[in-house]
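The values are calculated or read from the model by the stated rules, or taken from the named source; none is laboratory data. Since the structure is predicted, the reported quantities are computational estimates derived from the model, not experimental observations. Note: ideal-geometry Cβ built from the backbone for every residue, glycine included; neighbour counts use all protein chains shown. Just the protein is used for accessible areas: all its heavy atoms, side chains included, with ligands, DNA and RNA removed. Shrake-Rupley method; radii C 1.70, N 1.55, O 1.52, S 1.80 Å.
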Amino acid sequence: MAPPLRSICVFCGARPGTNPVHAATAQAVGAMLARRGWRLVYGAGDLGLMGETARAAIAGGAGTMGVIPRHLMQAEAAREDLATLVVTETMHERKKVMFANSDAIVVLPGGAGSLDEFFEVLTWRQLGLHAKPIVLLDSAGYWEPLVALVDHVIAHGFADASLRGFFARVEDVAALERALADAVG
Ligand code: AMP
């Protein structure tokens with residue numbers, strides 16, 4: 001039986017995006033983590049969907065760990081009120097610390113940074129370096145082109161079909177909660 005999930009890494013945009021639904025989704029994720037007693041591990045910022053998730057998690061009493069490179073502390077408005085704040089020297093170190101301190105990875109809508117983070121944990125999974133659940137929260141269908149891209153890569157023979165099985169895609173926060181709870185075993 002898998003150990004209980006305690007820390008959930010959330011990768012998401014440092015911007016809110018144009019569809020206000022995503023901010024509401026991020027708030028619901030933060031609140032859900034708090035309600036389940038799961039700790040939020042994220043990029044420590046107070047902007048965009050990162051900020052929405054963190055504010056809701058903190059308001060609900062969730063444990064929090066933020067990880068941010070020193071050079072982004074101002075630009076991403078690092079929160080000083082997190083239970084744990086880790087300041088790294090590099091972006092690579094940031095991702096490593098976030099990953100090492102998490103039991104599962106959730107990806108909310110975001111930009112190039114969120115894509116980088118998703119593909120890094122996905123490729124590590126493909127290489128058999130870990131077995132942590134990776135869940136795409138497909139808020140308002142935002143990640144549809146990403147899933148299509150993965151299918152395209154498989155269809156053209158640049159990845160094994162198993163790649164698609166290394167992450168789950170859920171449509172709402174209730175389904176995300178079930179996916180994470182199921183992963184507890
Ligand atoms: P974005 O999805 O582009 O809004 O970025 C989301 C978060 O990912 C932000 O906190 C970015 O600073 C961060 N980020 C962007 N690129 C990288 C990278 N190469 N390694 C680690 N974090 C990154």
> Which value, to two decimals, describes the C-alpha radius of gyration of region 51-185 once divided by 2.2 N^0.38 Å?
Replying inline: 1.11
>> For a quick check: with amide H placed at 1.01 Å from N, whose amide H comes under 5 Å from residue 135's, ignoring anything fewer than 5 positions away on the same chain?
In response: 105, 106, 107, 168
>> Sort 78-89, 32-43, 154-165, 115-126 by the packing proxy (mean of other Cβ within 10 Å over each peptide's residues), most packed first.
In response: 32-43, 115-126, 78-89, 154-165
>> Quick check: at a probe of 1.4 Å, how many percent of the accessible area of the chain sits on carbon and sulfur atoms?
In response: 56
>> Using Cα-Cα distances under 8 Å and only pairs 6 or more residues apart, what relative contact order does region 11-182 have, in percent?
In response: 21
>> Just to check I understand the Karplus step: with θ = phi - 60° and J = 6.51 cos²θ - 1.76 cosθ + 1.60, what whole-Hz values come out for region 162-169, glycine and proline as x?
In response: 4, 4, 5, x, 8, 9, 9, 10
> What spacing in nm lies between the two simple spin-label points modelled at residue 144 and residue 161, each 7 Å away from Cα in the Cβ direction?
Replying inline: 2.5
> So for region 4-134, taking the charge dipole from beta-carbon charges (+1 Lys/Arg, -1 Asp/Glu), which of 12, 25, 87 sits furthest toward the positive end?
Replying inline: 25
> Once amide H atoms are built 1.01 Å from N in the peptide plane, which residues 5 or more positions from residue 88, or in another chain, come under 5 Å H to H?
Replying inline: 68, 70
> With every protein chain left in place, what is the accessible area per residue of region 30-154 in square angstrom, probe 1.4 Å?
Replying inline: 42
> How big is the charge dipole of the chain about its Cα centre, in debye rounded to the nearest 20, if each Lys and Arg gets +1 on its Cβ and each Asp and Glu gets -1 on its Cβ?
Replying inline: 380
> In sequence order, what are the phi-derived ³J(HN,Hα) couplings for region 8-14 according to the Karplus relation 6.51 cos²θ - 1.76 cosθ + 1.60 with θ = phi - 60°, rounded to whole Hz, with x for glycine and proline?
Replying inline: 10, 7, 10, 9, 6, x, 7
> In sequence order, what are the phi-derived ³J(HN,Hα) couplings for region 76-81 according to the Karplus relation 6.51 cos²θ - 1.76 cosθ + 1.60 with θ = phi - 60°, rounded to whole Hz, with x for glycine and proline?
Replying inline: 9, 6, 4, 7, 8, 9
